[in-house]
């Protein structure tokens, strides 16, 4: 694992490594261009690997049960920063392997931080992930009773989740790819965010706003939609018997419920569905409802 982290450094960089003993914590906050892995260990420890000229300005401390890893940019001399300002020069890359004997309850990533290749060290009752400002987590597998994922400001994630309850919130051009097994899952999308989900769930709820988009595959027992703005959801690959659909504005939904559809459509919304479900209309005003073979055959009217 450590070799994969070191591979991010440029070939001539002067690399320095430091092992730091830590007091107990179960919350993690990472900022800056750090690439972090979480590993089971016998004690709390951080193995920090950075470009040598930055080592004195690394923040790695525990306070109020929170481990913070960051770069104190205000203290970095201008001559150090200039090394990485030339045209075509990549940002300095920093990495940390964090050893934990106990389980982590929350992770916050900010300012291009990356969580990658982590072992299953997350709390089994509830765990949350909050990503902001171009941060990223990938190749992550999480098993817990309740999982919360929040992405905003161009952050991205690629995760596999097994839980009882899943809550996902995406906004501001963030991007999520998720494989999930759950009993109850809820997705809230807005601000040009994108989600691709493969789900096996009992009930799912999807809320969208603005210019967000979602592609959904898998199976469920029921699903509820509340779509608005210019958002679009393609659930032609999601097999579900019953769907309740509320849509406003010029949003679009491609749906594959095969037993029942309950509809409340307004303001130029468009629904395209396949199969032959029983359709119950609560309200349709200035909207389009069409049966199609698949999403490729659907056209906005």
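The values are calculated or read from the model by the stated rules, or taken from the named source; none is laboratory data. What you see is a predicted model; the values in this text were computed from it and never measured. Positions of Cβ are backbone-derived with ideal geometry, glycine not excepted, and every protein chain shown enters the neighbour counts.
Here is a list: 102, 79, 52. Which entry is within 16 Å of residue 16 (Cβ to Cβ) and surrounded by fewer than 18 Cβ atoms within 10 Å (Cβ to Cβ)?
The unique qualifying residue is 52.
What do you reckon, is residue 97 in a strand (DSSP E or B), within 20 Å of residue 144 (Cα to Cα) and either in contact with a helix residue (DSSP H, G or I) (Cβ under 8 Å, 6 or more places away or on another chain) or in contact (Cβ under 8 Å) with a residue 60 or more places away in the chain (or both)? Spell out the reasoning first.
Details: in a strand (DSSP E or B): yes; within 20 Å of residue 144 (Cα to Cα): no; either in contact with a helix residue (DSSP H, G or I) (Cβ under 8 Å, 6 or more places away or on another chain) or in contact (Cβ under 8 Å) with a residue 60 or more places away in the chain (or both): yes.
The answer is no for residue 97.
Would you be able to tell me the number of residues in the stretch 24-59 that are part of a strand (DSSP E or B) and farther than 20 Å from residue 130 by Cβ?
The qualifying residues number 10.
Can you give me the number of residues within the stretch 168-179 that are farther than 20 Å from residue 224 by Cβ and in a strand (DSSP E or B)?
3
Going through the stretch 140-163 one residue at a time, which ones are within 18 Å of residue 32 (Cα to Cα), free of Cβ contacts under 8 Å to residues at least 40 places away in the same chain and in a strand (DSSP E or B)?
Those that are within 18 Å of residue 32 (Cα to Cα), free of Cβ contacts under 8 Å to residues at least 40 places away in the same chain and in a strand (DSSP E or B): 156, 157.
Out of (1) in a loop (DSSP other than H, G, I, E, B); (2) farther than 30 Å from residue 186 by Cα; (3) within 21 Å of the chain's Cα centre (by Cα), what's the single condition that is false for residue 69?
(1)
In the set 111, 133, which member is surrounded by fewer than 18 Cβ atoms within 10 Å (Cβ to Cβ), assigned to a loop (DSSP other than H, G, I, E, B) and in contact (Cβ under 8 Å) with a residue 24 or more places away in the chain?
Exactly one of 111, 133 is surrounded by fewer than 18 Cβ atoms within 10 Å (Cβ to Cβ), assigned to a loop (DSSP other than H, G, I, E, B) and in contact (Cβ under 8 Å) with a residue 24 or more places away in the chain, namely 111.
Residues 37, 4, 53, 10: which one is modelled with pLDDT under 95 and under 19 Å from residue 140 (Cα atoms)?
Being modelled with pLDDT under 95 and under 19 Å from residue 140 (Cα atoms) holds for just one of 37, 4, 53, 10, which is 4.
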